[in-house]
Every structure is written in structure tokens, then in C-alpha cells.
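A.B. asks: Once you've had a glance at the structure underneath, I'll fire off some questions.
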Amino acid sequence: MGFKQNLIRTTNHAYNRLTRLPPLGSVASHHTLVKAITYTQNGDPTEVLKLREFTLGPPKANQLGLKFRLSTLNPADINTIQGRYPWKPTIRKDLIEDQEFYVSGNEGLAEVTSLGSELDPKQWKIGDWVIMVGGSNLLLIRL
């Protein structure tokens, strides 16, 4: 099998549907305490970024559970936080009751930890590695 066939499959899953941190298990049935770097308004990253802890449930039927191994804050992310980037992320209203915030970062390396019930286990496998690219696409890497 060629390099591209073995390493790359692009899937369009909305960034907001993909959890940035993991629910664990094959089809997770429990909740997991996670952390994310967030912000509620644009501004100087040294002033507006905040580490939040919250609980994630299992993935919805059409979602993957992901455990992020590496996430970056690159210049485009910094510009987004500052409000200078043309693209604006969707505010999250579903992670902590009565709180709205943005989860920072558009790229990262994650491991698939669980599959929603509607996802094909022949296409996605627990242990697959995925790279978030551009906030809306996954690049699948099978090792």
C-alpha cells in the first residue's frame, strides 16, 4: 500500500463536534475530567487565556472521543485570540453549565479513544492517530 493510501484519509467533521480532550473507553459510558485553555473575549493572550477543568461525557453518535497528545498555539491561534484573524471560532456553550467560552488551538495530534455508535469501526479504530488541521479536518494516520 502506498504512503498516501496508508497514512492519509481526510474527513470533514466540524471542529466543534470533536472533543479536544478524551472520554476514555471503546464506547465510553462514563464521564472524564479534562482541561482546556480557553478564553471568553478577544485580547492579549497573557491576560485572557484561562485553564478550565470540566467533565466530558461519552461522544455523541457521530463523534470521536479523542485524547490530545500535543496541541499548539501558533501565530494564527494567537491572532485569533487577539481578534485579528479573519476566522472566528464558535463559542462553546455545551461544556460547562451557564458558561460560554472559546477553546483555543486549531491544530494538534490526538489518539482515538472511543467511537460514537454511528461511526463505522472499519473506518475508525481505537488507537488511530489523527492530526487536526485547520480546525475542521482530521488527517488520519495509521501506524
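A.B. asks: Past 23 Å, Cα to Cα: identify those pairs from LYS88/LYS122; LYS93/LYS122; LYS50/LYS93; LYS50/LYS125; LYS67/LYS93; LYS50/LYS88, in the order given.
C.D. replies: Flagged as over cut-off: LYS88/LYS122; LYS93/LYS122; LYS50/LYS125.
A.B. asks: Given R₀ = 22 Å, what would the calculated FRET efficiency be for LEU109 paired with HIS31, taking r from the Cβ atoms and rounding to 0.05?
C.D. replies: Plugging the Cβ-Cβ distance into 1/(1 + (r/R0)^6) gives 0.40.
A.B. asks: How long is the gain from LEU49 to GLN82 if the chain were fully straight, where each residue apart is worth 0.36 nm and the alpha carbon distance is subtracted? Working shown, then result.
C.D. replies: On the way: separation 33, 0.36 × 33 = 11.88 nm, distance 1.05 nm.
Result for the pair: 10.8 nm of gain on full extension.
A.B. asks: Within segment 102-133, which residues have the backbone N less than 13 Å from the label spot 7 Å out from LYS60 along Cα→beta-carbon, could you tell me?
C.D. replies: Only 116-118 pass the distance filter.
No lab work stands behind these numbers, since they all come straight from the coordinates. None of the values given here were measured: they were computed from a predicted structure. All Cβ positions, glycine included, derive from the backbone under ideal geometry; neighbour counts span all protein chains shown.
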